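What follows is calculated from the coordinates using simple rules that are stated; it is not laboratory data. A quick note: this is a predicted structure, and the numbers were derived from the prediction, not measured. So basically every Cβ, Gly included, is an ideal-geometry build from the backbone, and we count neighbours across all protein chains shown.
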């Protein structure tokens, strides 16, 4: 396929698999949607003589390594329920567990020997550095049992019943019961999450940012390894978690884990939640947040096809480091950031110029700078974007001079235009080391921009995401306000 733009950086072109089976293809698409394409690698291979597949989907994001094994196995109909269950479990879940442990061990020992294709012609462009902070998340997706499970339980959603007192070989032992899943291995260091046909799509589509997804995995693992848990379906655990997210409480599962020794999740919680007004209002509200995803995915298309207009760091790994702060935002903060960006764009006329600063309510040491700059008719695209990148960097320096507590500034430049075509430039400004000379130069730059009428006085405005003001007590009142103002809660929405 001929690309619509010139390939300026052929060394950055990445050719990925689209999934080797129909179910793997669906997983690859969900992976791109949830984790964004820059960090998602379907069907990577071990770089060795026989070139064995590593896993079905590999996500490498900051300190998190998420490994998926996807097995689509037909469920038997021998007439013996236990025989059919044992056979399916061994093929769909036990084999996945073996693949996941093998993939983890390979990455631990050979992090630089992973390819993105079966011929091992292209090395994984992300650098994997194993440190004490590295966290592995192992996920088995088991297809094929949904209809048989529905028939066995006379309805429900076709999801496997979860009982974490079932451990290891108890799943297929003499006292086993079909369609019940617990802890696959008696090994807390290699905890394996099992999702089935009825749940995996819901999890990846409802928790569709890397932070939201990993947050659920961590909370789920803590609950299942510390308490006795019985759930009629994975969807019921997900529903409880989502109810907390909608209320602004991402720690609802942890709170349950701390409060109770035995936890039972009744069936039908997810359909009940999805029919509620709270859920429908939430989905409408966060619709705006996908502007953030679209902005990144559009940029990554150019990055991974070598079609970026200009970059000082022409490697996929360095690009991933540049964009990881933007990709790390959860769905709630993407809504706030998208709303701030879109409202700024909507108020701008074609010839307007301006900047807006967006503070992150949970990360006090970084912020976003939005720059709108009109393109003059006499300017070439190359000249215009060179000027825009320079101005974007200068505005970042000025912000640091004004907000000394900020260490990292992500600058996003966009043109104000009535044309269909638009372009974006990004700057990641590391101000963690800031000298007196840097401060002096930035203040002088601010004065220069003010004299040239390129900088005017800005006002501070805060927005509240939830209809009811959040409540914080004690030391929590010193945390950043969830409204995104950049101030402490007690000095913002918590003022009584």
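Given R₀ = 41 Å, what would the calculated FRET efficiency be for residue 109 paired with residue 301, taking r from the Cβ atoms and rounding to 0.05? Don't skip to the answer; put the middle values down first.
Numbers: r = 34 Å, r/R0 = 0.82.
The computed FRET efficiency comes out at 0.75.
Going 7 Å from the Cα of residue 7 in the Cα-to-Cβ direction, what parts of segment 122-141 have a backbone nitrogen less than 16 Å from that spot? Answer for segment 122-141: 122-123.
Kirkwood Rh over Cα pairs of segment 73-158 into Stokes-Einstein at 20 °C, 1.002 mPa s: D in µm²/s?
On the way: Rh = 15.9 Å.
Result for D is 135 µm²/s.
Between residue 324 and residue 283, full extension at 0.36 nm per residue minus the direct alpha carbon distance yields a gain of 12.3 nm. If you take the beta carbon distance between residue 174 and residue 134 as r and set R0 to 35 Å, what does 1/(1 + (r/R0)^6) give as a FRET efficiency, to the nearest 0.05? Computed FRET efficiency for residue 174 and residue 134 comes out at 0.35.
Sorting 174, 71 from the fewest to the most surrounding beta carbons within 10 angstrom yields 174, 71. Of 86, 334, 353, the sequence from fewest to most neighbouring Cβ atoms within 10 angstrom is 353, 86, 334.
Across the alpha-carbon set of segment 236-368, the Rg to Rh ratio works out to 1.07, Rh being the Kirkwood radius. Computed from label points 7 Å out along Cα-Cβ, the spacing between residue 440 and residue 452 is 2.2 nm. Placing one identical point scatterer on every Cα of segment 34-97 and ignoring solvent, what is log10 I(q)/I(0) from the Debye formula at q = 0.12, 0.13, 0.21 Å⁻¹? With no solvent term, the Cα-only Debye profile gives -0.46, -0.52, -0.87. Here is the size of the chain from its Cα atoms: Rg then Dmax, 25.0, 85 Å. The fewest-to-most ranking of 379, 170 by surrounding Cβ atoms within 10 Å reads 379, 170. When you restrict to C-alpha pairs under 8 Å that are six or more residues apart and normalise by the size of segment 343-420, the relative contact order lands at 41 percent. With both residues required to sit in the chain, DSSP beta bridges show an antiparallel share near 50%. Between residue 165 and residue 80, the contour length at 0.36 nm per residue exceeds the alpha carbon distance by 28.2 nm. Over all alpha-carbon pairs in segment 10-286, figure out the percentage whose distance exceeds 37 Å. Cα-Cα pairs of segment 10-286 separated by over 37 Å account for 12 percent. In the chain, Cα pairs under 8 Å separated by at least six residues give a relative contact order of 12 percent.
Here segment 26-181 was treated as a single set of alpha-carbon atoms; its pair distances binned every 10 Å from 0 give 10, 35, 29, 20, 6, 0 percent.
Eigenvalues of the Cα gyration tensor times 5, then square-rooted: what semi-axes does that give for segment 348-458, in whole angstrom, largest first?
On the way: eigenvalues 124, 50, 31 Å².
Semi-axis lengths for segment 348-458 are 25, 16, 12 Å.
Which values, in whole Å and largest first, are the semi-axes of the equivalent ellipsoid of segment 177-272 obtained as the square root of 5 times each eigenvalue of the Cα gyration tensor? Before the final figure, lay out each step's value.
Numbers: eigenvalues 69, 50, 44 Å².
The equivalent ellipsoid of segment 177-272 has semi-axes of 19, 16, 15 Å.
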